[in-house]
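These notes concern the structure reproduced below.
The values are calculated or read from the model by the stated rules, or taken from the named source; none is laboratory data. This is a predicted model, so every value here is computed, not measured. Glycine also receives a Cβ, built like all others from the backbone with ideal geometry; neighbour counts cover every protein chain displayed.
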Amino acid sequence: MKGYEDSTYGDSFADVYDDWYDDVSDIQATVATVRELGGAGPFLELGVGTGRLALALAATGVEVTGIDSSPLMLERLQRKSLERNIHLTAIQGDMVDGLGDARYALIFIAYNTIFSLQTADRQQQLFHAVADRLSDGGSFVVEAIVPDPQRPAGSTVGVRSMRSDRVVLSADIHDPSTQHVDGQFVEFTESGGVRLRPWSIRYSYPNELDQMALQCGLRLKHRWANMSQEPFTEQSETHVSVYSQ
């Protein structure tokens with residue numbers, strides 16, 4: 001999408017993210033699984049956003065770091081951290097090139113955030129960066145959709161939500177040849193006029209992610225349908241994949 005940058009999504013959605021996506025996945029199941037896999041930590045969340053998951057994890061008493069390219073997302077994270085008196089370390093930076101020198105028992109990237117990296121090469125670079133930052137025996141946890149190989153090329157338009165003073169429409173364009181979906185939420189409000197909230201993903205299939213992992217010495221240890229560790233099947237629409245050395 002022309003004009004779309006790493007921080008575009010976060011800056012466009014920061015003010016509504018907690019309202020729109022608080023229930024996009026099970027927070028408590030995520031914390032339980034991450035703690036089970038990573039023990040006492042330390043932990044790193046890539047694309048931490050407003051801290052929906054990282055704050056709940058840090059509240060269990062472990063060391064948590066989160067990185068995000070959006071200053072607006074991180075402003076909200078900091079405010080929530082102070083309000084709840086929960087400490088975590090927040091880094092504004094690129095989740096591929098800005099990880100620093102620390103090592104982590106577990107690094108995780110939540111619901112579809114890996115697909116915000118706009119090329120297969122960039123996603124591969126992420127795996128390499130993560131592998132370099134894992135402590136011995138550490139794990140990399142990826143949560144994402146299972147793309148539908150039957151989804152046709154072209155555009156879709158629908159209504160996301162509607163109330164008396166606001167309508168939010170959803171529009172997107174799918175290009176299966178590049179595995180890209182570019183979209184917009186178009187928000188009409190009685191008081192604020194029209195606002196565009198763009199998003200863009202380059203999706204990868206689970207087997208493609210497995211190959212990226214192998215390229216940097218990581219292997220698939222677990223694959224579940226969700227963070228509750230339900231069995232992954234051919235009908236699963238989401239997956240949680242755990243890679244380790």
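Given the structure, is M227 touching a residue at least 60 places away in the same chain (Cβ under 8 Å) and part of a loop (DSSP other than H, G, I, E, B)? So M227 fits the description; yes.
Each row is one residue, and each column tells you yes or no for (1) within 15 Å of the chain's Cα centre (by Cα); (2) closer than 22 Å to V96 by Cβ; (3) of a type in the set (F, W, Y); (4) surrounded by 15 or more Cβ atoms within 10 Å (Cβ to Cβ).
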| position | (1), (2), (3), (4) |
| --- | --- |
| D26 | yes, no, no, no |
| A29 | no, no, no, yes |
| A32 | no, no, no, yes |
| A40 | no, no, no, no |
| L44 | yes, yes, no, yes |
| G47 | yes, yes, no, yes |
| A59 | no, no, no, yes |
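Looking at L106, L57, L126 in this structure, which one is at pLDDT 95 or above and in a strand (DSSP E or B)? Full working, then the answer.
On the way: L57 fails: in a strand (DSSP E or B); L126 fails: in a strand (DSSP E or B).
Just one listed residue meets the conditions, L106.
So that you can scan it fast, the table gives a plain yes or no per residue for (1) over 20 Å from the mean Cα position of the chain (by Cα); (2) of a type outside the set (A, V, I, L, M):
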residue	(1), (2)
Q150	yes, yes
V168	yes, no
D172	no, yes
V186	yes, no
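When the residues of segment 74-103 are filtered to those that are part of a strand (DSSP E or B) and within 17 Å of A59 (Cα to Cα), the one that is farthest from the chain's Cα centre (by Cα) is T89. Just one of the listed residues (V186, V181, V159, V194) is aliphatic (A, V, I, L, M), farther than 30 Å from E36 by Cβ and in contact with a His (Cβ under 6 Å, 6 or more places away or on another chain), namely V181. The C-beta contact set for segment 140-166 (first residue in a strand (DSSP E or B), second residue among the charged types (D, E, K, R), distance under 8 angstrom, 6+ apart or interchain) comprises I145/E237; S155/D172; T156/D172; R166/E187; R166/E190.
On the basis of being over 30 Å from V64 (Cα atoms) and of a type in the set (K, R), does R151 make the cut?
Working: over 30 Å from V64 (Cα atoms): yes; of a type in the set (K, R): yes.
Considered against the rule, which asks whether it is over 30 Å from V64 (Cα atoms) and of a type in the set (K, R), R151 comes out as yes.
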